[in-house]
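The values are calculated or read from the model by the stated rules, or taken from the named source; none is laboratory data. Computed from a prediction, not measured in an experiment: that's the story for all the values here. Neighbour counts run over all protein chains shown; Cβ positions are idealised from the backbone, glycine included.
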Amino acid sequence: MANVELKKLKKVYGKDVLAIKEADVFIEDKEFVVLVGPSGCGKSTLLRMIAGLEEISGGDLYIDDARVNDVSPKDRDIAMVFQNYALYPHMTVFENMAFGLKLRKYPKAEITQRVEEAAKVLGLTPYLDRRPKEMSGGQRQRVAIGRALVRQPKVFLFDEPLSNLDAKLRVQMRIEIKRLHKQLQATMIYVTHDQIEAMTMGDKIVVLKDGIVQQVDSPMNLFNNPANKFVAGFIGSPSMNFLQGEIEKTEELEFVSGTVRFGIPNELNLHDKLSPYIGQPVTFGFRPEYLYDKAKEKSKQLSVDMDIIIDVTEPVGSEAYNYFHFKGQEDLTFCFRSDSAYDYQSNETITVGLDVARLRFFDVETENRIA
Ligand code: ADP
């Protein structure tokens, strides 16, 4: 097994398409790392550079402390699982899984042993004689994973492997891949555009935007301590709410945006971080799930209060997403997640609280998190 290190890794397509700008990431042995970001952010490019399928334009790539920039894909000891499965339709499941080993001239007995072992792990033993077209999407994806498994590579790479599956199967396969990771204790690098997949699967997540690594962190740290407004908005569902306003100084510091006004308690270190912004615009960020109805729920923590006007309520089982606006700001919509039993009506005004520890502020220009 292996660690993987990206040092100022860069990719330029043609003359001037900068797909990856100086990515620095360290992936530890046995870690499950997810590369996530919106379409076109460069995640496939990064994965393909690690696989050796894409030439590296700058920087260094290390697998187990050996520089592999110029090592061919087949000598990197990695295996990749693709979104479209890339199975050979005329071969059986057994032959598909055995193919890579045959090419590498493994002895027949060892091929059989490895394929049977992988089939057992993946629940494919009853299907070894079938052809891909006789199998479901989930089973085909399992064969594709099996083909990587038999190679016993140092590193597994997954390129959006679940995109072609329906929602229910996706959830099931994501659990299976996690289980496989635990069982194999292998280094895995997984690409997805789906932040929920990233959050549920990754030990560590690399968030990319426009070819630039925004943050490398654990799922909970990305959620609670995002480095900037992009990460804050990308991670979490429904997304974080953002409201632009200004920091004012009266007796204490206050955040003000139209009719929204709340004091920022002096004792918080928030205060020090926000002081340089007095008289300046800032973006206030607050998550839908951290707002609570002051009349119905209690919190032991110090909170700030805001009056909100409900527009539309969307019940989703036990919870509801309530879309609302602030008085005098009808054109801006925010979300508040509540117990669906509260059954709010349109135009109802309620007071919501937000624990002060949940307040987030971002610089309007750089979009970096201030506090
Ligand atoms: P993602 O996987 O995050 O959707 P990609 O890595 O596929 O993003 O692409 C990153 C950027 O590089 C995009 O702007 C894309 O248009 C560009 N790109 C990808 N492949 C090529 C290529 N072969 N030639 C030119 N530009 C490319």
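Quick one: in the stretch 1-16, which of the residues that are assigned to a strand (DSSP E or B) and away from the ligand (no atom under 11 Å from the Cβ) is surrounded by the fewest Cβ atoms within 10 Å (Cβ to Cβ)? Let's see the steps before the verdict.
The initial filter retains those residues of the stretch 1-16 that are assigned to a strand (DSSP E or B), namely 4-13.
Still in the running and away from the ligand (no atom under 11 Å from the Cβ): 4-10.
Details: 4: 23, 5: 17, 6: 23, 7: 15, 8: 11, 9: 24, 10: 17.
Looking at residues that are assigned to a strand (DSSP E or B) and away from the ligand (no atom under 11 Å from the Cβ), I get 8.
Can you tell me which residue in the stretch 1-50 is farthest from the chain's Cα centre (by Cα), limited to those that are among the basic types (Lys, Arg) and farther than 17 Å from residue 156 by Cβ?
Restricting attention to the stretch 1-50, the residues satisfying the condition of being among the basic types (Lys, Arg) are 7-8, 10-11, 15, 21, 30, 43, 48.
Add one more test, that the residue is farther than 17 Å from residue 156 by Cβ, and what stays is 7-8, 10-11, 15, 21.
Values: 7: 21, 8: 21, 10: 21, 11: 22, 15: 30, 21: 19 Å.
In this case the residue turns out to be 15.
What residue, of 140, 151, is under 32 Å from the mean Cα position of the chain (by Cα), part of a loop (DSSP other than H, G, I, E, B) and within 22 Å of residue 188 (Cα to Cα)?
151
Filter the stretch 303-330 down to the residues that are hydroxyl-bearing (Ser, Thr, Tyr) and surrounded by 12 or more Cβ atoms within 10 Å (Cβ to Cβ), then identify the one that is nearest to the chain's Cα centre (by Cα). Before the answer, list the steps.
To start, the set of residues in the stretch 303-330 that are hydroxyl-bearing (Ser, Thr, Tyr) comprises 303, 313, 318, 321, 323.
Among the residues that remain, those that are also surrounded by 12 or more Cβ atoms within 10 Å (Cβ to Cβ) are: 303, 313, 321, 323.
On the way: 303: 29, 313: 27, 321: 22, 323: 25 Å.
Selected residue: 321.
Being within 23 Å of the chain's Cα centre (by Cα), at pLDDT 95 or above, surrounded by fewer than 20 Cβ atoms within 10 Å (Cβ to Cβ) and among the charged types (D, E, K, R), is that true of even one residue in the stretch 345-353?
Let us first name the residues in the stretch 345-353 that are within 23 Å of the chain's Cα centre (by Cα), namely none.
Among the residues of the stretch 345-353, not one is within 23 Å of the chain's Cα centre (by Cα), at pLDDT 95 or above, surrounded by fewer than 20 Cβ atoms within 10 Å (Cβ to Cβ) and among the charged types (D, E, K, R), which makes the answer no.
Cβ contacts < 9 Å: first residue closer than 12 Å to residue 49 by Cα and touching a residue at least 40 places away in the same chain (Cβ under 8 Å), restricted to the stretch 10-29; second residue more than 9 Å from the ligand (Cβ to nearest atom) and assigned to a loop (DSSP other than H, G, I, E, B), any location; separation 6+ or different chain. Result?
10/56; 10/57; 11/55; 11/56; 11/57; 12/57; 19/57; 20/57
Table: residues versus (1) surrounded by fewer than 17 Cβ atoms within 10 Å (Cβ to Cβ); (2) of a type in the set (Asp, Glu); (3) within 26 Å of residue 29 (Cα to Cα); (4) at pLDDT 95 or above.
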| position | (1), (2), (3), (4) |
| --- | --- |
| 198 | no, no, yes, yes |
| 201 | no, no, yes, yes |
| 212 | yes, no, yes, yes |
| 219 | no, no, yes, yes |
| 249 | yes, no, no, no |
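For a quick check of your reading of the model, give me the residue pairs whose first member lies in the stretch 278-297 and is surrounded by 13 or more Cβ atoms within 10 Å (Cβ to Cβ), whose second is assigned to a helix (DSSP H, G or I), with beta-carbon atoms closer than 6 Å and at least 6 apart or on different chains.
These pairs meet every condition: 285/232; 290/358.
Could we say that residue 39 is out of contact with any Ser or Thr (no Cβ under 7 Å at 6 or more places or on another chain), outside any loop (DSSP other than H, G, I, E, B) and in contact (Cβ under 8 Å) with a residue 60 or more places away in the chain here? Give the derivation first.
Values: out of contact with any Ser or Thr (no Cβ under 7 Å at 6 or more places or on another chain): yes; outside any loop (DSSP other than H, G, I, E, B): no; in contact (Cβ under 8 Å) with a residue 60 or more places away in the chain: yes.
In short, no.
Quick one: count up the residues across the stretch 115-134 that are surrounded by fewer than 18 Cβ atoms within 10 Å (Cβ to Cβ) and part of a loop (DSSP other than H, G, I, E, B).
4
Looking at the stretch 185-196, which of its residues are touching a residue at least 60 places away in the same chain (Cβ under 8 Å), away from the ligand (no atom under 16 Å from the Cβ) and surrounded by fewer than 22 Cβ atoms within 10 Å (Cβ to Cβ)?
First, the residues of the stretch 185-196 that are touching a residue at least 60 places away in the same chain (Cβ under 8 Å): 185-195.
Among the residues that remain, those that are also away from the ligand (no atom under 16 Å from the Cβ) are: 185-188.
Of everything in the stretch 185-196, just one residue is touching a residue at least 60 places away in the same chain (Cβ under 8 Å), away from the ligand (no atom under 16 Å from the Cβ) and surrounded by fewer than 22 Cβ atoms within 10 Å (Cβ to Cβ), namely 185.
Name the one entry in 300, 249 that is of a type in the set (Lys, Arg) and either over 18 Å from residue 358 (Cβ atoms) or under 28 Å from the mean Cα position of the chain (by Cα) (or both). I'd like the intermediate steps shown before the answer.
On the way: 300 fails: either over 18 Å from residue 358 (Cβ atoms) or under 28 Å from the mean Cα position of the chain (by Cα) (or both).
Checking each option against the conditions leaves just 249.
Have a look at 98, 109, 19 and point out the one that is at pLDDT 95 or above and either part of a strand (DSSP E or B) or within 16 Å of the ligand (Cβ to nearest atom) (or both). So that I can check it myself, show each step before the final result.
Working: 98 fails: either part of a strand (DSSP E or B) or within 16 Å of the ligand (Cβ to nearest atom) (or both); 109 fails: either part of a strand (DSSP E or B) or within 16 Å of the ligand (Cβ to nearest atom) (or both).
Residue meeting the stated conditions: 19.
Filter the stretch 171-193 for residues that are part of a helix (DSSP H, G or I) and of a type outside the set (A, V, I, L, M) and give the result. Quick ask: steps written out before the conclusion?
Filtering the stretch 171-193 for residues part of a helix (DSSP H, G or I) gives 171-184.
172, 174, 176, 178, 179, 181, 182, 183, listed by residue number.
So residue 62 ticks every box in (1) buried (at least 18 other Cβ atoms within 10 Å of the Cβ); (2) away from the ligand (no atom under 16 Å from the Cβ); (3) part of a strand (DSSP E or B) but one. Which box is left unticked?
Result: residue 62 fails condition (1) only.
Filter the stretch 141-157 down to the residues that are surrounded by fewer than 22 Cβ atoms within 10 Å (Cβ to Cβ) and at negative phi and list them by number.
Listed by number, the residues that qualify are 151, 153, 154.
Looking at residue 160 and the list (1) at negative phi; (2) within 20 Å of the chain's Cα centre (by Cα); (3) surrounded by 19 or more Cβ atoms within 10 Å (Cβ to Cβ), which single condition is not satisfied?
Answer for residue 160: the failing condition is (1).
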